[in-house]
1. Of the residues that sit in the stretch 126-149 and are out of contact with any Phe, Trp or Tyr (no Cβ under 9 Å at 6 or more places or on another chain) and among the charged types (D, E, K, R), which one is farthest from ASN172 (Cα to Cα)?
2. Does the stretch 150-175 hold any residues that are over 17 Å from GLY128 (Cα atoms) and in a strand (DSSP E or B), and which are they?
3. Hey, among ASN79, ASN67, ASN60, which residue is at pLDDT below 70 and either of a type in the set (Phe, Trp, Tyr) or surrounded by 13 or more Cβ atoms within 10 Å (Cβ to Cβ) (or both)?
4. Pick from PHE299, PHE266, PHE243, PHE228: which is surrounded by fewer than 17 Cβ atoms within 10 Å (Cβ to Cβ) and of a type in the set (Phe, Trp, Tyr)?
5. Please specify each residue of the stretch 286-310 satisfying the condition of being touching a His at 6+ places or on another chain (Cβ under 9 Å) and part of a helix (DSSP H, G or I).
6. Which condition number in (1) within 16 Å of the ligand (Cβ to nearest atom); (2) closer than 24 Å to ILE98 by Cα; (3) assigned to a helix (DSSP H, G or I) is the one that PHE266 fails?
7. Do you know which of the residues in the stretch 157-182 that are surrounded by fewer than 24 Cβ atoms within 10 Å (Cβ to Cβ) and within 12 Å of the ligand (Cβ to nearest atom) is nearest to the chain's Cα centre (by Cα)?
8. Collect the residues in the stretch 122-156 that are near the ligand (Cβ under 9 Å from one of its atoms) and of a type in the set (Phe, Trp, Tyr), keeping them in residue-number order.
Amino acid sequence: MKQEPRSPPLPHHFRYSKRISSAVKPVVYFICLLLAYSLGYLSSYTRNNYTHNKPPAHVNAVVSYVNTAISSGTEGDHNNFGAVCGEAVPSQNIRHTILERVFKGISPWQNFPPPRVDNLLRKKWVKGWGSKGAVFENLIRKVRPKTIIEVGTFLGASALHMVELTRRLGLNNTQVVCIDDFRGWPGFSDHQKFKDMKMVNGDVLLMYQFMQNVVNGNATESVVYMPFSSGSALEKLCEWGVFGELIEVDAGHDFHSAWSDINRAFKLLKPGSAGGVLFGHDYFTAADNRGVRRAVNLFASVHNLTVQVDGQHWVIHITNPSFSY
Ligand SMILES: C[S@@+](CC[C@H](N)C(=O)[O-])C[C@H]1O[C@@H](n2cnc3c(N)ncnc32)[C@H](O)[C@@H]1O
């Protein structure tokens, strides 16, 4: 039988260090165990310490609010939020109010464009989604709004289309109030359509390109905008008493964004002689089943309103001028 070759004997110092290392191993394991235990013990001690203390007062307040809401059966009342709106500003003063409150009374188009973005903008770059659908003309003809509020403006395609329509229909004093944070959404400039957009320190320059488009559409006197999140802008409009007869909601399309925007926008609806109208895009895409469509349908059912459809848009008419908010 073939024998395995024997390995040569280890040198003396190597055999010695091997003996030491096998004696040291359990000690090292023990130290590691002890260390892990003390760290775990310390962290759980911190946790226990916190739970043994009383929670801060504001936590108590929230818990008691939720408990009261549950026991009174109003915990599902998530559509009732935000400030009580201020007294209505007359339509002819709305532009001035927003310029004063947002831009310290100075037109944002003064000295536009600033030199640092001048050569980064295109003369005209208006892209949107269903932004010239028949719904815009149908509603403007019907409502003849003095104030249109658009939540979600992007490059201004739908806003500028509405300006064009109001002019064509002889509504020369109608103001379009645009609300957008002008951030788009994460990664939107990777899309083939927008890959040429310039970026400066992470800013995709949407607001400047929108402003350029408004200049190009000769509409700086018909459009005023609020470059903030929809939640904070709508909240402020309510506080300032800025209402509109026609409100388009087309910003965030996930359920919570759409739900919040629709509810806040609803408070700003001023039914004119032909009623007030809330409407928005993307009622039919598969994703909207969980987002926009779900929010619109829930909203309509809470208020016992009817959702109508015009192309890809949802439309809710409020015909009763004494409708209570
Ligand atoms: C679909 S685009 C609007 C398109 C435009 N209505 C049109 O048809 O041309 C959505 C816009 O909503 C804006 N937006 C999304 N979430 C927002 C939020 N929470 N606050 C403000 N703007 C928001 C984005 O910046 C984007 O410009």
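The values are calculated or read from the model by the stated rules, or taken from the named source; none is laboratory data. These numbers were taken from a predicted model, which means no experiment stands behind them. Using ideal geometry, Cβ is built from the backbone for each residue, glycine included, and neighbour counts are taken over all protein chains shown.
1. Only one residue tops the list, namely LYS132.
2. Result: GLN175, single match.
3. ASN79
4. PHE228
5. Scanning the stretch 286-310 gives ALA287, ASP288, VAL292, ALA295.
6. Going through (1) within 16 Å of the ligand (Cβ to nearest atom); (2) closer than 24 Å to ILE98 by Cα; (3) assigned to a helix (DSSP H, G or I) one by one, PHE266 breaks only (1).
7. Residue satisfying both the conditions and the ranking: ASP181.
8. Within the stretch 122-156, TRP129, PHE154 qualify.
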